[in-house]
1. Report those helices (runs of 4 or more DSSP H) wholly inside region 22-76 carrying at least 3 residues which are open to solvent by less than 20 Å² (accessible area, probe 1.4 Å) and more than 23 Å from PRO148 (Cα to Cα).
2. May I ask you to list pairs of residues, at least six apart or on different chains, whose Cβ atoms are under 8 Å apart, with the first in region 248-263 being under 27 Å from GLY282 (Cα atoms) and the second being open to solvent by 100 Å² or more (accessible area, probe 1.4 Å)?
3. Among the residues of region 112-141, how many are touching a strand residue (DSSP E or B) at 6+ places or on another chain (Cβ under 6 Å) and modelled with pLDDT of 95 or more?
4. Of all residues in region 243-291 being under 18 Å from VAL226 (Cβ atoms) and out of contact with any helix residue (DSSP H, G or I) (no Cβ under 6 Å at 6 or more places or on another chain), which is surrounded by the fewest Cβ atoms within 10 Å (Cβ to Cβ)?
5. Can you tell me which residues in region 192-219 are charged (D, E, K, R), over 16 Å from ALA180 (Cβ atoms) and either open to solvent by less than 60 Å² (accessible area, probe 1.4 Å) or part of a helix (DSSP H, G or I) (or both)?
6. Among the numbered criteria (1) assigned to a helix (DSSP H, G or I); (2) open to solvent by less than 20 Å² (accessible area, probe 1.4 Å); (3) within 21 Å of ALA67 (Cα to Cα), which single criterion is violated by GLY129?
7. What are the residue pairs meeting all of these: first residue in region 195-218, first residue more than 30 Å from LEU135 (Cβ to Cβ), second residue loosely packed, with under 13 Cβ neighbours inside 10 Å, Cβ atoms under 7 Å, and 6 or more apart or on different chains?
8. From the list GLY268, GLY209, GLY246, which one is in contact with an Asp or Glu (Cβ under 7 Å, 6 or more places away or on another chain) and either modelled with pLDDT of 95 or more or of a type in the set (Lys, Arg) (or both)?
Amino acid sequence: MNVGFVGTGNMGRPMAANILKAGHQMTVYDLRAEATAPLERSGATRAADLPALARAVRVTMLSLPDARAVEAALFGTPAAPGLMAGARSGDFFFDLSTVGPGSTRSLAARAGQQGVRLVDAPVSGSVSGAEAGTLAVMIGAPEADTKPFEGILRAIGKNLFFLGEVGKGNILKLLNNYVALTNQAALCEAMALADRLGVPRQTVGDVVGKSSGASFILERKLAALVQHDYRAGFFVDLARKDLGLGLELAKEVKGESVVGRAAWELYGRASEAGFGRLDSSGLLGLLEPRATS
């Protein structure tokens, strides 16, 4: 199958690479030509623009930073047309991005007017999971509707969750990130406390990792935290954005959000202090004790 892929950044590129490795043909597009170059070397074709990509394939994956970027990719901007300018009735778009359910439902309704199906399919598992092809994929559609594309989805994730209706994938992804990112904020606070108390970060990880405080975040990020390595994987700015979307959901249904709001404010402080383009664990850079001369 010839698969389209739009957005080949930190998460998109390894997902696209795994689809290629699974034996599919691929047509790619990213605003930055250098972002698609590694995939082109592996056999992908770079489209001249988004309508050209849509004309070349019948199924397209999108991995973009926010709802505004997804809308622009689908429906274009005054400066450039989007995918829908080249799409045909019966085409499928899977949006792997982390966005709110309301925006996906609105865009899906607009796409449906042209007979095009937009399905939310956000992923979780970090950049390392994208590289390994072990992501969780939360799909806002019945399994039967997406059966023709199961091979593509399984190339990027080992755990596929079919959630029945558009927007439900977005909701589950935001709930997941609400838990993961508040957990990470608590972990960063604990590591910064350990620094001040003279306890090595590796010791904290060894003990907590075998105790009730163990978590996916600790397992995946301990080595980098020990090395004070906050090179970007999933940005602080994106963590702030995702928690903000979770808070919007809580507000809509009048739910409690005390812990989530505190974590969101902490990521906001990190962003405003210049840490926004570091990995989200770079929150620790804000909290750790400063060296004194």
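The values are calculated or read from the model by the stated rules, or taken from the named source; none is laboratory data. Owing to the predicted nature of the structure, the values given are computational and were not obtained by experimental measurement. Every residue, glycine among them, receives a Cβ derived from its backbone with ideal geometry; neighbour counts consider all protein chains shown. What goes into the accessible areas is simple: the full protein's heavy atoms, side chains included, and nothing from ligands, DNA or RNA. Shrake-Rupley method; radii C 1.70, N 1.55, O 1.52, S 1.80 Å.
1. Working: elements: 33-41, 50-56, 67-75.
Qualifying helices (runs of 4 or more DSSP H): 33-41.
2. Close Cβ pairs (under 8 Å, with a partner that is open to solvent by 100 Å² or more (accessible area, probe 1.4 Å)) amount to ALA250/GLU256; SER257/LYS251.
3. Residues of region 112-141 that are touching a strand residue (DSSP E or B) at 6+ places or on another chain (Cβ under 6 Å), as a first pass: 117-125, 129, 134-141.
Remaining after also requiring modelled with pLDDT of 95 or more: 117-124, 134-141.
The qualifying residues number 16.
4. ALA291
5. Our first condition is that a residue be charged (D, E, K, R); within region 192-219, this holds for 195-196, 201, 206, 210, 219.
Imposing the further condition that a residue be over 16 Å from ALA180 (Cβ atoms) reduces the set to 195-196, 201, 206, 210.
Correct list: ASP195, ARG196, ARG201, ASP206.
6. (3)
7. Hits for this filter: ASP195/PRO289; ARG196/PRO289.
8. Numbers: GLY268 fails: in contact with an Asp or Glu (Cβ under 7 Å, 6 or more places away or on another chain); GLY246 fails: in contact with an Asp or Glu (Cβ under 7 Å, 6 or more places away or on another chain).
Answer to the check: GLY209.
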